[in-house]
Amino acid sequence: MTRVTTTWTRHGTTSEALGALAAEGATGALSGERGIVYLSAGRVVHVESAFTPDLGALLTRSGAVPPDGWWDAVDRGGAQHRVGHRLVDSGRLTAGALEVCHLGALFDAAYFVLTHDTRAQRFRSGAVHWLGAVRSVPVEVVVRESGRRRALLDRIWPDPAIDTLPLARVPGTDTAELPVRRGRTLTQVDGVRTAAEIASALACRTYHTLVELRRLAADGLVRAEPPTAPPLPPGPEPRAVVWDDPDTALLRRLRDALEAL
Amino acid sequence: MANLETSLKECLSSIDGATAVALVDYTSGMALGTLGGGKDFNLEVAAAGNTDVVRSKLRTMEHLGLKEEIEDILITLSSQYHMIRLLKGRGGNGLFLYLVLDAGRANLAMARHQLRRIEGELEV
């Protein structure tokens, strides 16, 4: 049974609204400007944001799970909210490895939802994520960790635009002496892709990628492109996503599913 | 099938002398899971602090141009061993297992061997 809860609406930020829902032991999905936080009995079970590659992208791009295997698990387990279990039961992944990847994706998405901590838009009581139960984390841990990550990133280079805007190389700079990981990240900076797309291309966790990108920005090698970019050429445009829609993540998944058919 | 919790439990139950264990993300310093420790040994603090050890060693290796990967780091105290084992594998990138051992009861060679096996259960 789900209770109708409205106390979260009295709070001015997503993190405060989450605190109120946690105190009530609520189950459902809270939509913020930059993503959706799924709660079960007041604990965070999943977070998704259009600014980070989701668990499926991380697992398939890294080659850990073949795309067929991922979609098979989504097909067979999606309706019962048991995709995670399906992956483990089919022997494609150990339960421990799934939990580690899931937590990585959860905290990556939470960083974006909670760093841009505006008023939460709506709460769908009783909503359950199709991935199913993998691991849960207390709301306060998620909020604290997101704040800590923001502070760590700002200490490297205090420009949050690096996290979300398309990134470009600064012309005429010397890139010969870069450490391996930073150099690898720089090769993906092409004036079009955002941090999330670079993380996805490298099959790397978004936060790790953000650390390297902010270091590159601090070194004067990378900068965020101003939002008034020239119009994209006609044809399939990856940036046609409406970023401020609360269900962007759902639309993205739908698009991915259609493309995969 | 081992999940994170059972893998950490296995570290404490199957490795002689093990008193505490944590799985830590060394880019952020966050512990994804901890077990053992207690009042006189704050595992969260140890996890965050040892992140600096790992990062510093990785940076030094980059400066030296060493292309090899760190398998483990051993810190020897008078009564304890602290063992840090970096997870390899595609999705486990950026994680390490941190194991505290009682020096009087531990068998280092065995502990390394066991930890390697348990690590395999967490890798993608």
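FYI, it's all coordinate maths here, none of it is from the lab. Treat the numbers as computed from the prediction; the structure is a model and nothing was measured. Cβ atoms come from the backbone with ideal geometry, glycine included; neighbour counts cover every protein chain shown.
Take every residue in peptide A:172-184, count the Cβ atoms of other chains within 10 Å of its Cβ, and give the average of those counts.
Working: counts 0, 0, 0, 0, 0, 0, 1, 6, 5, 4, 1, 0, 0.
What the average comes to for A:172-184 is 1.
Let's test this: bin the Cα-Cα distances of chain B at 5 Å from zero up to the farthest pair and state each bin's percent. Computed distribution, short to long bins: 2, 11, 22, 25, 21, 12, 5, 1, 0. Helix B:43-64 and the long axis of chain B differ in direction by around 30°, with both axes built from C-alpha atoms. Label positions at residue A:76 and residue A:190, each projected 7 Å from the Cα along the C-beta direction, are separated by 3.5 nm.
Rounded to the nearest 0.05, what FRET efficiency is calculated for residue A:89 and residue A:127 with R0 set to 30 Å and r the Cβ-Cβ distance? After rounding, the FRET efficiency stands at 0.80. Can you give me the angle between helix B:4-14 and the longest principal axis of chain B, using Cα atoms only, in degrees from 0 to 90, rounded to the nearest 10? Result, in degrees: 60.
Between residue A:254 and residue A:119, what length comes free when the chain is fully extended (0.36 nm per residue of separation minus the Cα-Cα distance, one decimal in nm)? Before the final figure, lay out each step's value.
Numbers: separation 135, 0.36 × 135 = 48.60 nm, distance 2.61 nm.
Contour length minus Cα-Cα distance gives 46.0 nm.
The lysines within cross-link reach of residue B:67, meaning a Cα-to-Cα straight distance under 19 Å and a gap of 8 or more places when in the same chain, are B:57, B:88.
By its C-alpha gyration tensor, with a ≥ b ≥ c as the square roots of the eigenvalues, how is the protein assembly as shown shaped: rounded for a/c under 1.5, else prolate for a/b larger than b/c, else oblate? Judged from the Cα gyration tensor, the protein assembly as shown comes out oblate (a/c at least 1.5, b/c at or above a/b). Based solely on its DSSP helices, what 222 nm [θ] is calculated for chain B when runs of n ≥ 4 H residues each add -39,500 (n - 2.57) and the sum is averaged over all residues, nearest 500 deg cm²/dmol? That calculation yields -13000 deg cm²/dmol at 222 nm. Peptide A:144-150 shows a mean partner chain C-beta count of 2 within 10 Å per residue C-beta. Inter-label distance, residue B:78 to residue A:11: 4.8 nm, where each label sits 7 Å from its Cα along the C-beta direction. When peptides A:45-54, B:14-23, A:169-178 are ranked by their average number of other Cβ atoms within 10 Å per residue, the highest-first order is A:45-54, B:14-23, A:169-178.
For an R0 of 35 angstrom, estimate the FRET efficiency from the Cβ-Cβ distance between residue B:53 and residue A:23 and round to the nearest 0.05.
Values: r = 38 Å, r/R0 = 1.08.
Computed FRET efficiency for residue B:53 and residue A:23: 0.40.
Each of the peptides A:21-31, A:106-116, A:136-146 was scored by the mean count of other Cβ atoms within 10 Å over its residues; in descending order, highest first, they stand as A:106-116, A:21-31, A:136-146. Between 0 and 90 degrees, the angle of helix A:139-156 with respect to the longest Cα principal axis of chain A falls at about 10 degrees. The lysines whose alpha-carbon is closer than 28 Å to the alpha-carbon of residue B:39, local same-chain residues fewer than 8 away aside, are B:9. Taking 13 Å as the cut-off, the amide N atoms of the range A:12-27 that come nearer than this to a point 7 Å along the Cα-to-beta-carbon line of residue A:136 belong to A:22-27.
Spin-label model, residue A:159/residue B:42: points 7 Å from Cα along the beta carbon direction are separated by 3.6 nm.
Only sites in a loop by DSSP and with at most 11 other Cβ atoms within 10 Å count here; which trypsin sites (Lys or Arg not before Pro) in the range B:1-88 make the cut? Before the final figure, lay out each step's value.
Details: sites: B:9, B:39, B:55, B:57, B:59, B:67, B:85, B:88; in loops: B:39, B:67, B:88.
Hits after loop and neighbour filter: B:39, B:67.
Mean per-residue shielding of peptide A:204-212 is 3, counting Cβ atoms of other chains within 10 Å of each Cβ. Legend: P(r) of the range A:156-224 from all alpha carbon pair distances, 5 Å bins from 0, whole percents, reading 3, 20, 36, 27, 13, 1. Normalised by the number of residues in chain A, the mean separation of alpha-carbon contacts (under 8 Å, six or more apart) gives a relative contact order of 24 percent.
Of all stretches in chain B that contain no GluC sites (Glu not before Pro) in a DSSP loop with at most 13 other Cβ atoms within 10 Å, the longest one is B:1-67.
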